[in-house]
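Notes to accompany the following structure.
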Amino acid sequence: MATPKIVPADAAGIARAAERLRGGAPVAFPTETVYGLGACASDPAAVENLYSLKGRPPENPLIAHVADPAMAAMIAAPDDRAMSLMEVFWPGPLTLVLPLRDGAAVCAPARAGLETVALRCPSHPVATALLGECGFAVAAPSANLSGRLSPTTPMHVAAGLPDADIWVLAGGKAAVGLESTIVDLSGEEAVLLRPGSVTAEDLEAVIGPLQRASAPGAAPKAPGQLSAHYAPRTPLRLNATDAAPGEALLAFGPLFGDSGAAAMLNLSDGGDLAQAAANLFAMLHELDGGGYEAIAVMPIPEEGIGAAINDRLRRAAASSA
Ligand code: TXA
Ligand code: MG
């Protein structure tokens, strides 16, 4: 039976992974946000295989990962706003949705047939080396079954796709831990499609006012921005101030007294939001496997990357309920 193969991300491993991608095979690789499951973006059969490995609906487009802004400019037509954002935030956890260039090397299935394309230049050194070695854009959704938690370690990838015949380049624990911020620049107004560690305020400091598509009640514009997503199997109880017996507690910041929880993990003892983001999916993965009645999650401040943490928690709670 096929199983994922975890491969060291040394120069030889990266070179062979690039060869596999060139030949149409899928390769999971680390980024600073979460692990991606990559395929050559111009190869429709390789890209369609990603949708089938993930059980992903074909109308939910993928992000094309590029080595640098020059590769991005071959695929899309960046305007001044896009150029400024690339300059400030690339390489890094920011995805830009831009109008597609004619004849660009990102096939229709990767874009779910849209005339726009989502582009991201990751900063993880293994991703940088892999994309440089490839010389072509790599379409990569997060390396998990559709609707499940995103993977932040090679083991999460292997455990989440146990029957997939894929290579997983091992690049340690993802430092950011939440999927990239997505901003849509294909229209006149810039729209925040998915909050992430590059915050709305960070973006507005560079390009001015942003529309927030993921504000409660807003209609989803990105096909994948439906509210049910990022689902653990155990129900989540948000903004908990205590835990009932049988519940696991996902804490944030200092605890006063005994929580009474059946198990407890702390996203950040010191109340650091970046650390909490980096730990979020790994700790949800771990508590989700424990067979608890529910996971009670303490309140997370809605500031900075806290907004993105709360976005993922609300989606997870909506789909696990
Ligand atoms: O951090 C990340 O972005 C990770 C790593 C691997 O780079 N990738 C990731 O991919 O989170 P995925 O497939 O799980 O999420 C991609 C999101 C989806 O919500 C999809 O709808 C949106 O990007 N998207 C892709 N192309 C789009 C487009 N042309 N217009 C609007 N949204 C798009
Ligand atoms: Mg995903």
Between helix 44-54 and the chain, what is the angle of the helix's C-alpha long axis to the longest principal axis, kept within 0 to 90° and rounded to the nearest 10? 10
Debye calc, one equal point scatterer per Cα of the chain, no solvent, log10 I(q)/I(0) at q = 0.12 1/Å comes to -0.78
Take the Cα pairs of segment 1-97, get the Kirkwood Rh, then feed it into Stokes-Einstein at 20 °C and 1.002 mPa s and tell me D in µm²/s. 141
Loop-resident sites, segment 226-321, for GluC sites (Glu not before Pro), counting at most 12 other Cβ within 10 Å (DSSP): GLU302, GLU303
Per residue of the chain, what 222 nm ellipticity follows from adding -39500 (n - 2.57) for every DSSP H run with n ≥ 4, rounded to the nearest 500? -9000 deg cm²/dmol
Express the relative contact order of the chain as a whole percentage, based on alpha carbon pairs under 8 Å and six or more residues apart in sequence. 20
Please identify the trypsin sites (Lys or Arg not before Pro) of segment 232-321 that satisfy two criteria: DSSP loop assignment and at most 16 other Cβ atoms within 10 Å. Which are they? ARG233
Cα long-axis angle, helix 11-22 against the chain (0 to 90 degrees, to the nearest 10): 70
In whole angstrom, how far apart do the alpha carbon centroids of segment 82-151 and segment 1-75 sit? 10
Pairing the Cα long axis of helix 306-320 with the longest principal axis of the chain, what angle in degrees results, from 0 to 90 and rounded to the nearest 10? 80
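Every read-out reported here was derived from the displayed coordinates using simple, explicitly stated rules and does not represent laboratory data. Keep in mind that what you see is a predicted model, and the values were worked out from it rather than measured. Here Cβ is always computed from backbone atoms with ideal geometry, including for glycine, and neighbour counts include all displayed protein chains.
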